[in-house]
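Report on one structure; see the data block that follows.
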Amino acid sequence: MKLFALIAGITLALLQAAPSMAQVDKTRPLKVALVLPGPVSDGTFNSSAAKGIKEAQEKYPNITVSVRENTQFAQSEAALLEYARNGYDVVIGHGFQFAEPAKKIHKQFPKTWFIVNTAKVAEEPNLAAFDNRWGDVGYVGGAVAALMTKSGTIGAVGGIPVPVIQEYNEGFERGAKRIRPDVKTLSAYVGSFSDVAKGKEITLALIEQGADVVTATGNESVIGTLEAAKEKGVLMIGTAFDSASFAPDTVVTTGLVNFDVNLDLAIGKILDGTIKSQIYLLGFNENGLGLAGYGKFEDKISAENKTKIQGIVDEIKAGKTPDLPAIR
């Protein structure tokens, strides 16, 4: 019954995913806090959120924004509490680790909306979650990896095995096999979102086992994977934030998780009064996911293969891909 209720809640959220922009008062003052688990310079999870909040400031000129970086797990509740006590209208916890703290404290501050990204938690009267279909974008990333590998072995490095990373990795493996059934996917976890050295060490181990295309999910740990890929001359599929500029000869493309859309949707719904205490789940159809361009690899991927990838995206959007990972 709990699973049914969760699915029903997610379905309802999808139907209501677009804010009624005609009713949004863009001039209404709003104090918004964004609490990040890592630095805005990580080139993935936190960079994407930082980009989103900057765009929200440009779109809604009367919102006041405070961004807190590098919030450790043990600091999660205190960080949310501090902003709520200081009268912020919206407190956004960017990461699953903010779900339980937000659930614990939100009722103490009924005038503040608590929003959690990449988690599935919602409770009346003022707690909502905005999440993305990480498994779907992982599926597409895996398909690209299968097209690019020469060794037939690819690798996925996760920070910590939380639901969205598990979904992504599972999708990555399934998407790769969709293109090349004999492909071998190696996977390992860093045990940390922020350990660059460990991320590099684990990625090097996968490369030594034959992986010539890798991907990674996490915060700064992803930088370690990128460093290893550059050092060993293998390719990488980026995640969340388009990181091709960091290593244009290494990053083939990026499976985008558009946190800017999550943040705009949340703020827009708060401004127009349509926000509800529920889970909003965004995929390709809601522009919550995307695939970056191929950059320096544009001429190295055939038109036929580009069509294959776009066909997979279109199939996912149409709901016709039976082997997508389940939402956790």
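The values are calculated or read from the model by the stated rules, or taken from the named source; none is laboratory data. Everything numeric in this text was worked out from a predicted model, so none of it was measured. Cβ placement follows ideal geometry from the backbone for every residue including glycine, while neighbour counts extend to all protein chains displayed. SASA here: full protein model, heavy atoms, side chains in, ligands and nucleic acids out. Shrake-Rupley method; radii C 1.70, N 1.55, O 1.52, S 1.80 Å.
Run down GLU208, GLU286, GLU298 and say which single residue is open to solvent by 20 Å² or more (accessible area, probe 1.4 Å), within 22 Å of VAL157 (Cβ to Cβ) and more than 12 Å from the chain's Cα centre (by Cα).
Exactly one of GLU208, GLU286, GLU298 is open to solvent by 20 Å² or more (accessible area, probe 1.4 Å), within 22 Å of VAL157 (Cβ to Cβ) and more than 12 Å from the chain's Cα centre (by Cα), namely GLU208.
Does ILE275 qualify as being open to solvent by less than 10 Å² (accessible area, probe 1.4 Å) and touching a residue at least 60 places away in the same chain (Cβ under 8 Å)? Walk me through it before giving the result.
On the way: open to solvent by less than 10 Å² (accessible area, probe 1.4 Å): no; touching a residue at least 60 places away in the same chain (Cβ under 8 Å): yes.
Spelling it out, it is not the case that ILE275 is open to solvent by less than 10 Å² (accessible area, probe 1.4 Å) and touching a residue at least 60 places away in the same chain (Cβ under 8 Å).
Which condition number in (1) modelled with pLDDT of 95 or more; (2) open to solvent by 50 Å² or more (accessible area, probe 1.4 Å) is the one that PHE96 fails?
So PHE96 meets the others, but not (1).
Return a yes/no flag: does segment 35-51 have any residue that is open to solvent by 50 Å² or more (accessible area, probe 1.4 Å) and among the small types (Gly, Ala, Ser). I'd like the intermediate steps shown before the answer.
Pass one, segment 35-51, residues open to solvent by 50 Å² or more (accessible area, probe 1.4 Å): 40-41, 51.
Filter again for among the small types (Gly, Ala, Ser), leaving 41.
Yes, some residue in segment 35-51 is open to solvent by 50 Å² or more (accessible area, probe 1.4 Å) and among the small types (Gly, Ala, Ser).
It is to be established whether one or more residues within segment 83-90 are over 30 Å from VAL222 (Cα atoms), open to solvent by 80 Å² or more (accessible area, probe 1.4 Å) and at pLDDT 95 or above.
yes
I need the full set of residues from segment 191-211 which are touching a helix residue (DSSP H, G or I) at 6+ places or on another chain (Cβ under 7 Å), free of Cβ contacts under 8 Å to residues at least 40 places away in the same chain and of a type in the set (A, V, I, L, M), in order please.
VAL196, ALA197, LEU204
Criterion first (of a type in the set (Asp, Glu) and closer than 21 Å to SER151 by Cβ) does ASP249 satisfy it? Working first, answer last.
Working: of a type in the set (Asp, Glu): yes; closer than 21 Å to SER151 by Cβ: yes.
Taking the combined requirement at face value, the residue satisfies it.
Mind checking which pairs have a first residue in segment 138-164 that is of a type in the set (Ser, Thr, Tyr) and a second that is at pLDDT below 95 and open to solvent by 10 Å² or more (accessible area, probe 1.4 Å), Cβ under 9 Å, 6 or more apart or different chains?
Once the first residue is of a type in the set (Ser, Thr, Tyr) and sits in segment 138-164, no partner that is at pLDDT below 95 and open to solvent by 10 Å² or more (accessible area, probe 1.4 Å) comes close enough.
Please state which one of LYS317, LYS296, LYS306 is closer than 26 Å to SER245 by Cα and either of a type in the set (A, V, I, L, M, F, W, C) or in contact (Cβ under 8 Å) with a residue 24 or more places away in the chain (or both).
Working: LYS317 fails: closer than 26 Å to SER245 by Cα; LYS306 fails: either of a type in the set (A, V, I, L, M, F, W, C) or in contact (Cβ under 8 Å) with a residue 24 or more places away in the chain (or both).
From the options LYS317, LYS296, LYS306, the qualifying one is LYS296.
Of all residues in segment 94-114, which are touching a residue at least 40 places away in the same chain (Cβ under 8 Å) and over 22 Å from GLY135 (Cβ atoms)? Please lay out each step first, then the result.
Taking segment 94-114 and keeping what is touching a residue at least 40 places away in the same chain (Cβ under 8 Å), we get 94-98, 113.
Listed by number, the list holds a single entry, TRP113.
Which of the residues that make up segment 247-299 are under 23 Å from VAL213 (Cα atoms) and of a type in the set (Ser, Thr, Tyr)?
If the condition is that a residue be under 23 Å from VAL213 (Cα atoms) and of a type in the set (Ser, Thr, Tyr), then THR250, THR253, THR254, TYR294 are the ones that fit.
Within segment 107-121, take every residue that is at pLDDT 95 or above and surrounded by 24 or more Cβ atoms within 10 Å (Cβ to Cβ) and give me the one that is nearest to ALA216 (Cα to Cα).
ASN117
Inside segment 127-200, counting only strands (runs of 3 or more DSSP E) that do not spill past its ends, which hold 2 or more residues that are open to solvent by less than 10 Å² (accessible area, probe 1.4 Å) and at pLDDT 95 or above? Before you say what the answer is, go through the steps one by one.
Details: elements: 127-132, 153-158, 184-189.
Of the strands (runs of 3 or more DSSP E) lying wholly inside segment 127-200, those with at least 2 residues that are open to solvent by less than 10 Å² (accessible area, probe 1.4 Å) and at pLDDT 95 or above span 127-132, 153-158.
Could you look through segment 212-249, keep only residues that are free of Cβ contacts under 8 Å to residues at least 40 places away in the same chain and open to solvent by 10 Å² or more (accessible area, probe 1.4 Å), and pick out the one that is nearest to GLU173 (Cα to Cα)?
Among residues in segment 212-249 that are free of Cβ contacts under 8 Å to residues at least 40 places away in the same chain and open to solvent by 10 Å² or more (accessible area, probe 1.4 Å), the one nearest to GLU173 (Cα to Cα) is VAL234.
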